[in-house]
1. Restricting to the range A:125-146, and then to whatever is part of a loop (DSSP other than H, G, I, E, B) and open to solvent by 70 Å² or more (accessible area, probe 1.4 Å), can you tell me which residue is farthest from the ligand (Cβ to nearest atom)?
2. When only residues in the range A:213-267 that are open to solvent by 40 Å² or more (accessible area, probe 1.4 Å) and not in a helix (DSSP H, G or I) count, which is nearest to the other protein chains (Cβ to nearest Cβ)?
3. How many residues are acidic (D, E) and within 14 Å of chain B (Cβ to nearest Cβ) when one looks only at the range A:312-351?
4. Looking at A:A15, A:A26, A:A64, A:A92, which is the one that is farther than 26 Å from A:A305 by Cα and either surrounded by fewer than 23 Cβ atoms within 10 Å (Cβ to Cβ) or touching a residue at least 60 places away in the same chain (Cβ under 8 Å) (or both)?
5. Return the residues of the range B:51-81 that are open to solvent by less than 50 Å² (accessible area, probe 1.4 Å), touching a residue at least 40 places away in the same chain (Cβ under 8 Å) and not polar (S, T, N, Q); say none if nothing qualifies.
6. Residue by residue through the range B:8-37, note down the ones that are more than 11 Å from every other protein chain (Cβ to nearest Cβ), open to solvent by less than 60 Å² (accessible area, probe 1.4 Å) and out of contact with any His (no Cβ under 9 Å at 6 or more places or on another chain).
7. Taking the options A:S106, A:S135, A:S139, name whichever one is without any contact (Cβ under 8 Å) to a residue 40 or more places away in the chain and within 14 Å of chain B (Cβ to nearest Cβ).
8. Since A:Y72 meets every condition but one in (1) touching a Cys at 6+ places or on another chain (Cβ under 7 Å); (2) more than 26 Å from A:V171 (Cβ to Cβ), which condition does it not meet?
Amino acid sequence: MEFGWSTDQKELRAAVIEFAQNELSAGSRDDDSTGSFPRDKWEKCGAFGIQGLHMPEQYSGSPARDLVTSLYAMDALGYACADNGLTFALNAQMWTVQLPILLFGSEYQKERFLPAMCRGEFIGAHAVTEEHAGSDVYSMHTRAVRCDGGYRLTGRKCYVTCAPIANLALVFAITDPEKGKWGLSVFIVETNSDGCERGPVVEKMGLRTAPFGDLILTDCFVPESNRLGPEGAGLTVSSNALEYERCCILVSQLGAMERQLEQSIEYAKTREQFGRPIGKFQAVSHRLVDMKLRLETSRLLLYQAAWRKQQGENASLDSALVKLHLSESFVASGLDSIRTMGGLGYTSVAEIERSLRDAIGGVLYAGTNDIQRNNAARAMGIR
Amino acid sequence: MRIEKQSIEQLILDFISSELADGTTPAPQDDLLTSGLVDSMGMMWLIQHLEDEFDTAVPPLDVTIENFGTVGAIAAYMSRRLTNSASGVSSQ
Ligand SMILES: Cc1cc2nc3c(=O)[nH]c(=O)nc-3n(C[C@H](O)[C@H](O)[C@H](O)COP(=O)(O)OP(=O)(O)OC[C@H]3O[C@@H](n4cnc5c(N)ncnc54)[C@H](O)[C@@H]3O)c2cc1C
């Protein structure tokens, strides 16, 4: 068992941290309060090579990093970039749009969409959820009906990350209603197609710089060349994508938790009450230890799951546990850091409260934590 | 490797009965998927089990209702896959 990082991996981490501190952090508070997507930063990430980290050189322009190394870089990005919404949107595209296209796409689809997404020119979304199909996702209604040269899609997806600004979306739709969830197919919908409408940004509690909203399809023509995998492959693509999503999408929140902990420790050492630093009070220092424990256990779970996936092993239980533990840890530690900083932590100026708002979404997306507990229980043989 | 389709079928039936369907043993031609006898997660476990047993990998896009809709179809698919991989031919 090897827990260390190589020199190359450490250099990558240092480069990502330097990039993010210099280029991504300024202005995050304003972007959060106005709910603005920082497109310039997204493009800078593309130019730096963030979106292309795990993509083969022919699409990204630089050699692909393995999964664990790519996640290590995204962990560093979360540490150094104060905008958790931006890192969330990047992870959403990398693991739930680019990766399924890489794994299941035709050469035409890879050539057409991956380089533009890697460069930061295109933004991709993953559209599954519908108003009446959330946790019960396979009860979706969006239909794809065969027509000359392709399909016509009709339906409405909701809460889709980056839908209001996306150039393309992986849309899950029913091609054969008789076959239930085995009759699902996936389509790469280009959002400038006739019949495809991007809804307005839906205001939300946190991750406000990652806009989300509806994607409305009305008899929208999608050519056969934009079907991802064969007809009926929707369930397979979705199971595969969900496992990656649960393992990877929260990785930058590990880094954010590390940043939060460092700020809390610094504050506990310097803020004095009753004539001594508040860190001298056991109530405060124990809280910081709990934050450290959550950070380290989340980190171990995540890299173990990623390592398993990298070996080609089944990681469904591991991925459910990562999603569950990391998201709940980020919420608990967000609250603990506010408690530690007192009234200052509650103000927007200190930029501490934002992380707690950003953390809440994590217990919902990629399958709620109740659903993760259901999945984990089943994987443990409890039915 | 030469493995009889019948013995693959038995292995699948045993796994479904003991691990996925609480003692219910389907007939080889029973619809597993749209009937809900095996849900999507159950199917993933069954595939993992077959991969471990036969030391082979099932490509995700082979997991279709045509190949995995009934015990008989799964056994036929696996038997084709094992025969083809022994002779270096793709299974689809
Ligand atoms: C920030 C954010 C980003 C998102 N991004 C995307 C995206 O990019 N693409 C996309 O398609 N969707 C996205 N979603 C939607 C997300 O996947 C859904 O919100 C989620 O799956 C839950 O569905 P729902 O909101 O309809 O809640 P419901 O399914 O209605 O659940 C409501 C409550 O019931 C519980 N519940 C439901 N069924 C069960 C059960 N069987 N056992 C136990 N408890 C149960 C849930 O856990 C929850 O507490 C995003 C959501 C958020 C918050």
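1. The first filter runs over the range A:125-146 and keeps only residues part of a loop (DSSP other than H, G, I, E, B), leaving A:128-129, A:131-132, A:134-136, A:140-142.
After this cut, where a residue has to be open to solvent by 70 Å² or more (accessible area, probe 1.4 Å) as well, the list is A:131-132, A:135-136, A:141.
Working: A:E131: 8, A:H132: 8, A:S135: 3, A:D136: 6, A:H141: 13 Å.
Among residues in the range A:125-146 that are part of a loop (DSSP other than H, G, I, E, B) and open to solvent by 70 Å² or more (accessible area, probe 1.4 Å), the one farthest from the ligand (Cβ to nearest atom) is A:H141.
2. Per the criteria, the residue is A:P230.
3. Filtering the range A:312-351 down to residues acidic (D, E) leaves A:313, A:318, A:328, A:336, A:351.
With the extra rule that they be within 14 Å of chain B (Cβ to nearest Cβ), the set shrinks to A:313, A:318.
The number of residues fulfilling the criteria is 2.
4. Step by step, each of A:A15, A:A26, A:A64, A:A92 is checked, and only A:A26 is farther than 26 Å from A:A305 by Cα and either surrounded by fewer than 23 Cβ atoms within 10 Å (Cβ to Cβ) or touching a residue at least 60 places away in the same chain (Cβ under 8 Å) (or both).
5. Within the range B:51-81, B:F54, B:V71, B:G72, B:I74, B:A75, B:A76, B:M78 meet the criteria.
6. Across the range B:8-37, the qualifying residues are B:I8, B:E9, B:L13, B:I16, B:S17, B:G23, B:P26, B:A27, B:P28, B:L37.
7. Details: A:S106 fails: without any contact (Cβ under 8 Å) to a residue 40 or more places away in the chain; A:S135 fails: without any contact (Cβ under 8 Å) to a residue 40 or more places away in the chain.
Sole residue among the options that is without any contact (Cβ under 8 Å) to a residue 40 or more places away in the chain and within 14 Å of chain B (Cβ to nearest Cβ): A:S139.
8. Exception for A:Y72: condition (1).
The values are calculated or read from the model by the stated rules, or taken from the named source; none is laboratory data. Quantities reported herein were computed from a predicted structural model and do not represent experimental measurements. Using ideal geometry, Cβ is built from the backbone for each residue, glycine included, and neighbour counts are taken over all protein chains shown. We work out accessible area using only protein heavy atoms, side chains counted, and drop any ligands, DNA or RNA first. Shrake-Rupley method; radii C 1.70, N 1.55, O 1.52, S 1.80 Å.
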